[in-house]
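The values are calculated or read from the model by the stated rules, or taken from the named source; none is laboratory data. As the structure is a prediction and not an experimental result, all values here were calculated from the model. Cβ placement follows ideal geometry from the backbone for every residue including glycine, while neighbour counts extend to all protein chains displayed. Side chains included, ligands, DNA and RNA excluded: accessible areas come from the protein's heavy atoms. Shrake-Rupley method; radii C 1.70, N 1.55, O 1.52, S 1.80 Å.
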Amino acid sequence: MKLNKTTEKITNRPPIFYLDGGAGRILCAIPALEYYALTHYNFSIITHLKDEFFKENPILHKYVHSFGEEGLFENVIKDGEMIMLEPYFRYEYYNQECSLIQAFDLEINGGYCIGDKSPSLHFSRKEEIDNKRNIEEIKEEYKSKEKPILIFQPFGASAQLFEDGIFDYTNRSFVMENIVDIVQLLRKDYLILWMGNLRLNISNHENPIVYVNEMGLREWAGYIQNADHFLGCDSVGQHLAKAVGTKSTVVTGSTYPINISYPDDDMVTIFDVGEERRVYEPIRITMDQKRAEKNQGTMLIDDQKIDNIIESIHTNCPLPASKLS
């Protein structure tokens, strides 16, 4: 296997892959780490999402440690070689030549080794039973057994609550007026589960929105696995949907689909609303205010594109025959 410059300097010291940042990018590191584990047996992974993403993973779980693990420095770090994984630093990534998953492959394995492999999550039998039962109970509670379940993640991690509403300065989240329009067009036919703690009060008695409290990412992955469709932005939800095999519709604005999503994938339908005027923002490298300003408003969706999104969801998540009659 061809080694990159980072791993070439490692001799007798076991590598320790330091994996931080947002949840989506940590999930996207899994395929490259699994490939690495096929031929390497003395290494470690440190991350803050051990239990969420690496639990039950038959290949990687034994190598993973949490940041706050007692004795971590003495038992793991002290005699190892720390490797900070930073896919955003890759030339191929910031020039739109590869995806986040591929950038991790270049970082860890020194080449494009994993093919089109995508992230995967593993659940215990008990978790699978509980996740399925939870969705069934929600359908029963909301008297919506006939409705398909649509999980909607409108806001990414950068969205914030202000006095006049919820806004995302990175232009990766849906804008509020579009959220209201989309929900109004879908709520009659689908039971919508709202993913995220930032919420708009747009529920009603006739076609309510399901707001779920105190849910971890692993629980959300289980819900998405048992849902009929996922709708989201450039955030962790789309990667969870891919990892558990649920069809998704993804809307992108300031970020490039080739970098952060799954173009040309039959399971993912992408609406790139920022394509015509977006510029790349070198996040985690430099803060370029002028480039950020050029991306303002790139997530604003016009009426025609909203109609196209709704039509796509109906196509990829057909309604029961009883709803069409």
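The table for this structure:
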read-out: Among (1) part of a loop (DSSP other than H, G, I, E, B); (2) under 20 Å from the mean Cα position of the chain (by Cα), the one test that F104 misses; value: (1)
read-out: Matching entry among D181, D168, D164 (being touching a Ser or Thr at 6+ places or on another chain (Cβ under 8 Å), surrounded by fewer than 24 Cβ atoms within 10 Å (Cβ to Cβ) and under 29 Å from R278 (Cβ atoms)); value: D168
read-out: Condition broken by I151, with the remaining ones in (1) surrounded by 22 or more Cβ atoms within 10 Å (Cβ to Cβ); (2) more than 29 Å from S118 (Cβ to Cβ); (3) β-branched (V, I, T) satisfied; value: (2)
read-out: Counted residues, segment 40-58 - those being of a type outside the set (A, V, I, L, M, F, W, C), on the phi < 0 side of the Ramachandran plot and under 23 Å from the mean Cα position of the chain (by Cα); value: 8
read-out: Residues being outside any helix (DSSP H, G or I) and among the acidic types (D, E) - total across segment 256-312; value: 9
read-out: Restricting segment 211-235 to residues that are out of contact with any strand residue (DSSP E or B) (no Cβ under 7 Å at 6 or more places or on another chain) and of a type in the set (A, V, I, L, M), the residue that is nearest to N201 (Cα to Cα); value: M215
read-out: Residues being touching a residue at least 24 places away in the same chain (Cβ under 8 Å) and open to solvent by 20 Å² or more (accessible area, probe 1.4 Å) - total across segment 100-113; value: 2
read-out: Subset of segment 123-146 that is basic (K, R) and at pLDDT below 95 - its residue that is most open to solvent (accessible area, probe 1.4 Å); value: K143
read-out: Among residues of segment 70-95, those that are more than 18 Å from L33 (Cβ to Cβ), of a type outside the set (A, V, I, L, M, F, W, C) and open to solvent by 50 Å² or more (accessible area, probe 1.4 Å), counted; value: 8
read-out: Selection status of I310, closer than 27 Å to F53 by Cα, touching a residue at least 24 places away in the same chain (Cβ under 8 Å) and either charged (D, E, K, R) or out of contact with any His (no Cβ under 8 Å at 6 or more places or on another chain) (or both); value: no
read-out: Hey, Y223 open to solvent by 30 Å² or more (accessible area, probe 1.4 Å) and at negative phi or not; value: no
read-out: Search result, residues across segment 184-198 that are without any contact (Cβ under 8 Å) to a residue 40 or more places away in the chain and either hydrophobic (A, V, I, L, M, F, W, C) or open to solvent by 60 Å² or more (accessible area, probe 1.4 Å) (or both); value: Q184, K188, N197
read-out: Qualifying residues in segment 159-187 (those that are among the small types (G, A, S) and modelled with pLDDT of 95 or more) - the one farthest from the chain's Cα centre (by Cα); value: A159
